[in-house]
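Here is the structure we will look at, set down as structure tokens.
The values are calculated or read from the model by the stated rules, or taken from the named source; none is laboratory data. On a predicted model such as this, the values are computed, not experimentally measured, just so you know. Positions of Cβ are generated from backbone atoms using ideal geometry, with glycine treated the same way; all protein chains shown enter the neighbour counts.
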């Protein structure tokens with residue numbers, strides 16, 4: 001009878017130790033969250049980026065210098081790039097801004 005009691009106690013100790021180790025192992029794994037960030041925390045897109053055909057720099061469309069050439073609007077990052085474009089195309093381009 002004493003042997004049975006000792007075996008039961010030993011099994012309980014092994015069970016508690018295994019359970020404790022399992023909890024510690026689960027806490028070591030990186031926690032992944034499937035929650036999405038609320039849309040209010042993201043900044044709203046207020047303007048499009050356009051590429052300058054002269055130097056290749058991207059700039060905000062609303063702040064870009066513009067030229068209309070052959071019915072197409074071209075956007076530039078600076079007045080210098082706009083002037084280079086006008087010089088290469090001749091005076092046929094009309095300045096918008």
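So that you can scan it fast, the table gives a plain yes or no per residue for (1) modelled with pLDDT under 85; (2) in a loop (DSSP other than H, G, I, E, B); (3) within 26 Å of the chain's Cα centre (by Cα); (4) surrounded by fewer than 10 Cβ atoms within 10 Å (Cβ to Cβ):
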position	(1), (2), (3), (4)
5	no, no, no, yes
9	no, no, no, no
12	no, no, no, no
24	yes, no, no, yes
27	yes, no, no, yes
40	yes, no, yes, yes
46	yes, yes, yes, yes
50	no, no, yes, no
67	no, no, no, no
Given (1) at pLDDT below 90; (2) in a loop (DSSP other than H, G, I, E, B), number of the condition residue 56 does not satisfy: (1)
